[in-house]
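Written out below as structure tokens is the structure these notes cover.
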Amino acid sequence: MNFVNPPAESPKNVTHRTFYSQVLNHEIGYNIYLPPEYQDCGEKHPVVYHIHGWRGNESSEIGPLEKVYRNRRAITVFANAISLEDNYFDALLQIESILIKELIPHIEGQCGADVTRENRMLSGFSMGGNMAFYYAVKHPELFGSITSYAGTYHHLYNKEYRTVGVAPEKASELYEEMMREEWYLEENNILCLVRQNAEKIRGKLKIDIHIGTADILFCDNEILHLYLDSLNISHEYRKFEKIGHDLEKIL
């Protein structure tokens, strides 16, 4: 993946820009959608930061998500989730630094961005769904909502790929097995992070999880849903029958 990936053709009101990352010592690309009513230094708008899926870049999902961002009065920023780390968790932390310490201040230093927690939102697809959820739960003081499309959470379940490709009807059984083995207590496990910050996110973080029942990652999402339920953390869980790992069909 490259540092800067402008789209072949930008949708209306979407522009490609760059910012300098001290973490990577490089210019990094991003796309930004400004709603039609946006005016410099006028009305303040909510901001959604979207993180793409594996092997994607800042331009790969502006097309599929067009129907979403055009229907809301919000600035939408498509980040480039690039990392120089090979280990998944190390990459997760490096991208976290770039997003929170560099990209968000860069965007919110400009006119028109509402900088309140309630109006700062995250979304992501697949790998990006995992990252967006992780960052929102880890930093509930920064984000008011998270929307994850077909997130891949097994990287942070710490048991390799035991949840990938499992038949939907086996998800509850595997979840109970995970609880007996106390996976949710393991360091860096996404479930552990949810439990640790449950009081901070309960009733304060709006959570939307979207997944297709034919997605190879269905079990990943079902386990997260069941665990959120066990902690009485409200969330919207949307299952799409017979849909696989396809962002456009989920939308």
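The values are calculated or read from the model by the stated rules, or taken from the named source; none is laboratory data. The structure presented is a predicted model; accordingly, all values stated were derived computationally and were not measured. For neighbour counting, all protein chains shown are included, and Cβ atoms are generated from backbone atoms with ideal geometry for every residue, glycine included.
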- Quick check, is Glu58 surrounded by fewer than 14 Cβ atoms within 10 Å (Cβ to Cβ), in contact with a Gly (Cβ under 9 Å, 6 or more places away or on another chain) and part of a loop (DSSP other than H, G, I, E, B)? no
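Yes/no per residue for (1) in contact with a helix residue (DSSP H, G or I) (Cβ under 9 Å, 6 or more places away or on another chain); (2) buried (at least 17 other Cβ atoms within 10 Å of the Cβ); (3) more than 20 Å from Met127 (Cα to Cα); (4) aliphatic (A, V, I, L, M):
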{"residue": "Leu185", "(1), (2), (3), (4)": "yes, no, yes, yes"}
{"residue": "Leu191", "(1), (2), (3), (4)": "yes, yes, no, yes"}
{"residue": "Val194", "(1), (2), (3), (4)": "yes, yes, no, yes"}
{"residue": "Asn197", "(1), (2), (3), (4)": "yes, yes, yes, no"}
{"residue": "Arg202", "(1), (2), (3), (4)": "no, no, yes, no"}
{"residue": "His210", "(1), (2), (3), (4)": "yes, yes, no, no"}
{"residue": "Asp215", "(1), (2), (3), (4)": "yes, yes, no, no"}
{"residue": "Cys219", "(1), (2), (3), (4)": "yes, yes, no, no"}
{"residue": "Ile223", "(1), (2), (3), (4)": "yes, yes, no, yes"}
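Could you list all residues from segment 36-55 that are in a loop (DSSP other than H, G, I, E, B) and hydrophobic (A, V, I, L, M, F, W, C)?
Correct list: Cys41, Trp54.
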- Task: Specify the residue that is surrounded by the most Cβ atoms within 10 Å (Cβ to Cβ); the eligible residues are those in segment 6-44 that are within 23 Å of Gly109 (Cα to Cα) and in contact with an Asp or Glu (Cβ under 6 Å, 6 or more places away or on another chain).
- Result: Asn31
- Note on the structure: Here the residues within segment 168-205 that are of a type in the set (A, V, I, L, M, F, W, C), without any contact (Cβ under 8 Å) to a residue 40 or more places away in the chain and in contact with a Cys (Cβ under 9 Å, 6 or more places away or on another chain) are Trp183, Leu185
- Using beta carbons and a limit of 7 Å, which pairs, at least six apart or on different chains, have the first residue in segment 78-103 and among the polar types (S, T, N, Q) and the second one modelled with pLDDT of 95 or more and part of a helix (DSSP H, G or I)? Ser83/Ala91; Ser83/Gln94; Ser83/Ile95
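Of the residues that make up segment 88-111, is at least one part of a loop (DSSP other than H, G, I, E, B) and either within 19 Å of Ile216 (Cβ to Cβ) or modelled with pLDDT of 95 or more (or both)? Spell out how you get there, then give the answer.
Residues of segment 88-111 part of a loop (DSSP other than H, G, I, E, B): 109-111.
This time we only want the ones that are either within 19 Å of Ile216 (Cβ to Cβ) or modelled with pLDDT of 95 or more (or both), so: none.
No, segment 88-111 contains no residue that is part of a loop (DSSP other than H, G, I, E, B) and either within 19 Å of Ile216 (Cβ to Cβ) or modelled with pLDDT of 95 or more (or both).
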- Task: Only one of these is part of a helix (DSSP H, G or I), among the charged types (D, E, K, R) and under 30 Å from Glu108 (Cα atoms): Glu176, Glu141, Glu222, Glu199. Name it.
- Result: Glu199
- Task: Look through segment 55-111, keep the residues that are out of contact with any Phe, Trp or Tyr (no Cβ under 9 Å at 6 or more places or on another chain) and among the aromatic types (Phe, Trp, Tyr), and return whichever of them is farthest from Val4 (Cα to Cα).
- Result: Phe89
- Message: Name the single residue that is surrounded by the fewest Cβ atoms within 10 Å (Cβ to Cβ) among those in segment 149-175 being out of contact with any Asp or Glu (no Cβ under 6 Å at 6 or more places or on another chain) and more than 26 Å from Lys242 (Cβ to Cβ).
- Response: Glu160
- Note on the structure: From the option list Val4, Val23, Val48, single residue qualifying as out of contact with any helix residue (DSSP H, G or I) (no Cβ under 9 Å at 6 or more places or on another chain), of a type in the set (A, V, I, L, M) and touching a residue at least 60 places away in the same chain (Cβ under 8 Å) is Val4
